[in-house]
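Just below is one structure, and these are the notes that go with it.
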Amino acid sequence: MGGSGSKSKGFWSFSGSSSGDDPAKDANEQTLTRVRSFPGATPFVFTRRSSMFFDEDGDLAHEFYEETIVTKNGRKKAKLRRIQKNLTPQGLIKLDHPCIHVDFPVIICEA
């Protein structure tokens, strides 16, 4: 019902569906493809992209705000305004413990 008709080749050799008549032949071709394109690929993720930013002063945070004074009807009121300019992303962070990749098609259960 209105889904995408394109199929993309998965990262792992055993993911996705085969469309040929001989399943053993398709599995061998997929395995060879994986070995050629990603030799030594692991199901683990060791780094991730950080969601934190540096500001001009070198402070690190998820969001930055500045306090502004607004005068309305002779009364001073302090408001916080979010800063979105001049922020530098932190970049990649090494994970303390490796995680399993989202596309790894294995069910892990407790024995």
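The values are calculated or read from the model by the stated rules, or taken from the named source; none is laboratory data. Since the model is a prediction, treat every value here as computed from it, not as a measurement. All Cβ positions, even for glycine, are placed from backbone atoms using ideal geometry, and neighbour counts span all protein chains on display. For the accessible areas, the whole protein counts, side chains as well, though only heavy atoms, and no ligand, DNA or RNA atoms are used. Shrake-Rupley method; radii C 1.70, N 1.55, O 1.52, S 1.80 Å.
Being within 26 Å of the chain's Cα centre (by Cα), surrounded by fewer than 10 Cβ atoms within 10 Å (Cβ to Cβ) and modelled with pLDDT under 90 is a property that does not hold for I100.
Within region 76-107, the residues that satisfy the criterion of being in contact with an Asp or Glu (Cβ under 7 Å, 6 or more places away or on another chain), hydrophobic (A, V, I, L, M, F, W, C) and not in a loop (DSSP other than H, G, I, E, B) are A78, L80, I83.
Inside region 74-105, residues that are aliphatic (A, V, I, L, M) and within 21 Å of R48 (Cα to Cα) make up a count of 6.
Within region 55-75, the set of residues being open to solvent by less than 70 Å² (accessible area, probe 1.4 Å) and in a strand (DSSP E or B) comprises A61, F64, E66, T68, V70.
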